[in-house]
Each structure stands twice: as C-alpha cells, then as structure tokens.
Amino acid sequence: MKKILLALSLIFAVSSTVKAQNISDHAIGVRIAGGNGTGGEISYQKHLEKNNRLEVDLGIASEMNDFKLTGTYQWLWSIEKQFNWYAGVGGGVVSASNFGIYGAGVIGLEYNFEAPIVASLDYRPELGFSGAFGFISNIGIAVRYQF
C-alpha cells in the first residue's frame, strides 16, 4: 500500500509539468477486469472539456453473477506524444443479491495508436456503501475505437 501511495504522489507531483492531451470526442470498446472485480465491460468515453472526459462502463461483476454500471469523471495528461495517464473519481450501481451502490476512483495509463485505437491499463478501487460488497480492487485492460 505504501508503494502505491508513493507512486501516486510522484505521478501527481509531475502532473504539473506535463501538458494537456487532445481527447477524441467519443471512444467505445471493451474493458476486461481482473482482481476481485473480475468481469468484462462495454466501455464508452465522452470528451467533456479541454482535458476531461466521462467514462461509463456496463458489464458483468462478481465472477460473472451480477451486472454492474460504473461512471467516472477523468482528468487526462500527456506524458509523451501518444502516451497519456489519467485519474478520476465516480461511482456506480451493482445488482448483487441486494442492489448495491459504490464509490470508485481510477488511475491508469493509455497509448493512442496511429490508427483511431487506444489501449489502456488502469486500477479502479471500488468501495460499497450499500448492498452486498465492501472493497473491490479492480485492475483492467481496455481497447477502444476513437471517433
């Protein structure tokens, strides 16, 4: 946990030296999650402001037993020409044995290919406020088509 906090601190410290990245208006694709947030999601991103976007993921949770909807507001920064990092906050709902509501954060890296494709790796911790689950550590890989 200390290593994660140190890495996050370093990333936020250098964020002031990197410039904002142009974001495509829309991106749609799939996100495959591991950890105890196992499942697949259909993922959509919508550009909102200069370096902000909204991501909405609809998928399967809890080892393929429940449906899950997650929304996060994200800030995006450029590391190099096609390599970016992002962080955000949000929440969602899950249909477990009881209906659940949770808060979520996200931090990740993405690569924009020359084609209109973006691939990303992110970490999305989720904390349940109601329903059947508590803390979920969700690590995901995503591929999206940008338009």
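The values are calculated or read from the model by the stated rules, or taken from the named source; none is laboratory data. These numbers come from a predicted model, not from an experiment. Note: accessible area is taken over every heavy atom of the protein model, side chains too, but ligands, DNA and RNA are not part of it. Shrake-Rupley method; radii C 1.70, N 1.55, O 1.52, S 1.80 Å.
Cross-link partners for Lys68 among the aspartates and glutamates, with Cα-Cα distance under 17 Å and sequence neighbours closer than 8 places in the same chain left out: Glu41, Glu55, Asp57, Glu126.
Within the full protein context, the accessible area of Ile60 is estimated at about 60 Å² for a probe radius of 1.4 Å. Counting only Cα atoms, the size of the range 66-130 along its three principal axes is 45, 19, 14 Å, in decreasing order.
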